[in-house]
Amino acid sequence: MPHALDVITIGEAMAMFVATRPGELSDVDRFIKRVAGAELNVATGLARLGLNVGWVSRVGTDSFGQFVLDSLKKEGIDASGVTLDGRYATGFQLKSKVDDGTDPIVEYFRKGSAASHLSEEDFKPDGFMAARHLHLSGVAAALSASSYALLDRAAGAMKAAGKTISFDPNLRPVLWKSEAEMVEKLNHLAFQADWVLPGVKEGIVLTGENTPEGIADFYLNRGVKAVILKTGADGAWYKTATGEQGAIAAVKVENVVDTVGAGDGFAVGVISALLEGKTLAQAISRGNTIGALAIQVQGDSEGLPTRKQLGE
């Protein structure tokens, strides 16, 4: 890892094959190859804004793994925390193309992937301590018990070192044994974070509360400093440990092309702005802007802007 990183994150990247035309995946015969993964989307977005970002993962010694590594190099993301694991394959996914603003269908081929074998062995203190901020997602937490242990280890170490932590629940119920286990494990990670970024529906599942303020207080009462709730078409609502709260309106989008990656784009905006010392309201406004840009193009990370494109 470099001597100084702004952000480090942990996750799985997969090769993604995006259909070139709408229709059932079984009927499509042409696809475009991209790279996908929630945490990698965030790393990519932050790197495009000029932040120094490190990404920790495992990939197979296969063409998909090399494709991921090439993508990291292209985006300027530090990959020294990535392990080449010849025992297991790099996962991939198929993604349908939609033209009506609905969510695309995604089929995953990731069971037993190299990244699912992430473990505490992948915690390299020098690499993590080189960063001032750790971003975690519920996707990596759900991959396996050993992957979860790595996230928990990283969160505890970074918190003890006085680093800041952000957590996006990014619920993937199908990857968990039960909803109860998902709630318990993800909340344990969330309680260690400074900034928690759930969607409203996710917040209801994780807290049992039915209002934005109830969801926020659930985390704030357990030491979280700020809760930023994604409220869909309305934008976002936030509350801090000091009692500050408010709503930030969404950026209106006339033509929604691909909804996947909107939450990751939102996280990019919030995290980057807060690390630059901007106010929470300014950070959420940037998050709304980048989330809106993300859904106007096909692909998970293609709409994430450079600093120049952001135009701030």
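The values are calculated or read from the model by the stated rules, or taken from the named source; none is laboratory data. None of these values were measured; they are calculated from a predicted model. Neighbour counts run over all protein chains shown; Cβ positions are idealised from the backbone, glycine included. These accessible areas exclude ligands, DNA and RNA; they are computed on the full protein's heavy atoms, side chains included. Shrake-Rupley method; radii C 1.70, N 1.55, O 1.52, S 1.80 Å.
What a 1.4 Å probe finds exposed on the chain is 51% carbon and sulfur by accessible area, rounded to a whole percent. Listed options for mean projected area of the Cα convex hull in nm² are (i) 14.9; (ii) 25.8; (iii) 17.2. The value calculated from this structure is the one marked (i).
Using Cβ point charges alone (K and R +1, D and E -1), the dipole size of the chain about the Cα centre works out to roughly 520 debye. Where both bridge residues fall in the stretch 16-167, DSSP classifies roughly 40% of the beta bridges as antiparallel.
Remark: spin-label model distance Leu25-Lys73 equals 3.0 nm, labels positioned 7 Å along the Cα→Cβ axis.
When Ser57, Ser26, Ser80, Ser119 are compared by accessible surface with a 1.4 Å probe, the order from highest to lowest is Ser26, Ser80, Ser119, Ser57. Phi-derived couplings, Karplus 6.51 cos²θ - 1.76 cosθ + 1.60 at θ = phi - 60°, listed residue by residue for the stretch 108-124: 9, 10, 10, 4, x, 5, 4, 5, 5, 9, 3, 7, 4, 4, 8, 8, 9 Hz, with x used for Gly and Pro. Fully extending the segment from Lys177 to Ala281 would add 33.7 nm, taking 0.36 nm per residue of separation and subtracting the current Cα-Cα distance.
Counting 0.36 nm for each residue step from Ala233 to Gln245 and taking away their Cα separation leaves a gain of 2.5 nm.
Close amide H contacts of Met16 (hydrogens built in the peptide plane, cut-off under 5 Å, sequence separation of 5 or more or a different chain): Arg34, Val35, Ala36, Gln93. Under 20 Å Cα-Cα from Lys308, which lysines qualify once same-chain neighbours fewer than 8 residues away are excluded? Lys308 reaches Lys74, Lys278.
The overall shape of the stretch 56-212 is oblate: from the C-alpha gyration tensor, with semi-axes ordered a ≥ b ≥ c, the ratio a/c is 1.5 or greater and a/b is no larger than b/c. Compared with the alpha-carbon gap, the fully stretched path from Asp99 to Ile204 is longer by 34.8 nm at 0.36 nm per residue. Peptides 121-132, 143-154, ordered by how many other C-beta atoms sit within 10 Å of their residues on average, highest first, read 143-154, 121-132. Taking 29 Å as the limit for the C-alpha separation, the pairs Lys73/Lys124; Lys124/Lys239; Lys33/Lys185; Lys33/Lys111 exceed it in the case of Lys124/Lys239; Lys33/Lys185. Helix-only arithmetic for the chain: the sum of -39500 (n - 2.57) across DSSP H runs with n ≥ 4, divided by the residue total, places the mean residue ellipticity at 222 nm at -10500 deg cm²/dmol.
Using a simple spin-label model with pseudo-atoms 7 Å out from Cα toward Cβ, Lys252 and Ile32 lie 2.8 nm apart. Applied to the stretch 7-22, the Karplus parametrisation 6.51 cos²θ - 1.76 cosθ + 1.60 on θ = phi - 60° returns per-residue 3J(HN,Hα) values of 9, 10, 9, 10, x, 10, 10, 10, 6, 10, 10, 9, 4, 8, 8, x Hz, with x for Gly and Pro. Annotation: amide H-H contacts under 5 Å for Val82 (H modelled 1.01 Å from N, sequence separation of 5 or more, or interchain): Ser57. Think of the stretch 197-280 as a dipole: +1 on every Lys or Arg Cβ, -1 on every Asp or Glu Cβ, centred on the Cα centre; then among Ala273, Thr240, Asn210, Thr240 lies furthest on the positive end. Seen from Phe123, the other residues with C-beta closer than 11 Å to its C-beta sum to a net charge of -3, counting Lys and Arg as +1 and Asp and Glu as -1. Of the trypsin sites (Lys or Arg not before Pro) found in the stretch 1-94, those in coil by DSSP whose Cβ has at most 15 other Cβ atoms within 10 Å are Arg30, Arg87. Rounded to the nearest 5, the antiparallel percentage of DSSP beta bridges internal to the stretch 1-68 is 60%.
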